[in-house]
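Just below is one structure, and these are the notes that go with it.
The values are calculated or read from the model by the stated rules, or taken from the named source; none is laboratory data. Predicted model only: the values in this text are computed from it and were never measured. Cβ sites come from the backbone with ideal geometry, for glycine too, and all protein chains shown count toward neighbours.
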Amino acid sequence: MAVDYKNTTDEQLFLLLKEDGDVARSAFNELYNRHSSRIYTYCRKILNNSTVANDIFQDTFSRLYEARNTVKSMSNLSGYLIKTARNLCLNERSRKNYHNLSIEDFQLPIYDKSFEKKELNEVVDIALEALPEQFREVIVLKEFLDMSYAEIAKTLNLTLPVVRIRIYRAKVKLREILAPYFKDYENNKMRNIQ
């Protein structure tokens, strides 16, 4: 009997990882397809380094595959992946002695005409890097991974009010950091109209 992997729950797919050969491979591929973009986005936004983020991303899925031998069942696979990626990212940041940029270090590029999506993403990445780690993490989980406040609280082991406060403060700080960029953009836009 063939398994319909696309309509199988994460919990059932995790149990299929314990099987041999094609069944385990197909189950892993389905889990990877479901969760890879969220996990990579998290790693990339937290570390702001594609190469290191890719390594952490791969290690996260390797650990999932290895967990099939030691974990009996997995009721919250998405949470497991985020927590694993988070721990690996935090270890990497402490090992490499990452430092946050201060607002004084933040310099915006000047654009001649309109900015493209790529340029905007780069500016947002720079702004995220300038945030304190506790704010960066909650804003990445909320805005880039579309997690609810309750999911963020559970993932980070925080209370709901603390999550709300951190997200609010992160947004205020991001607006403060990005304000000069958007002011320059508006000024350039007005010059181009005249």
| request: State which residue is farthest from Thr41 (Cα to Cα) when the search covers only segment 137-153 and only residues that are in a helix (DSSP H, G or I) and touching a Phe, Trp or Tyr at 6+ places or on another chain (Cβ under 8 Å). | output: Lys142
| request: Give the residue that is farthest from Ala127 (Cα to Cα), with candidates limited to residues of segment 39-67 that are surrounded by fewer than 18 Cβ atoms within 10 Å (Cβ to Cβ) and charged (D, E, K, R). | output: Glu66
| request: Select, from Glu11, Glu30, the only residue that is surrounded by fewer than 14 Cβ atoms within 10 Å (Cβ to Cβ), in contact with a Ser or Thr (Cβ under 9 Å, 6 or more places away or on another chain) and either farther than 23 Å from Lys142 by Cβ or outside the structural domain of Ser148 (by TED's automatic domain parsing) (or both). | output: Glu11
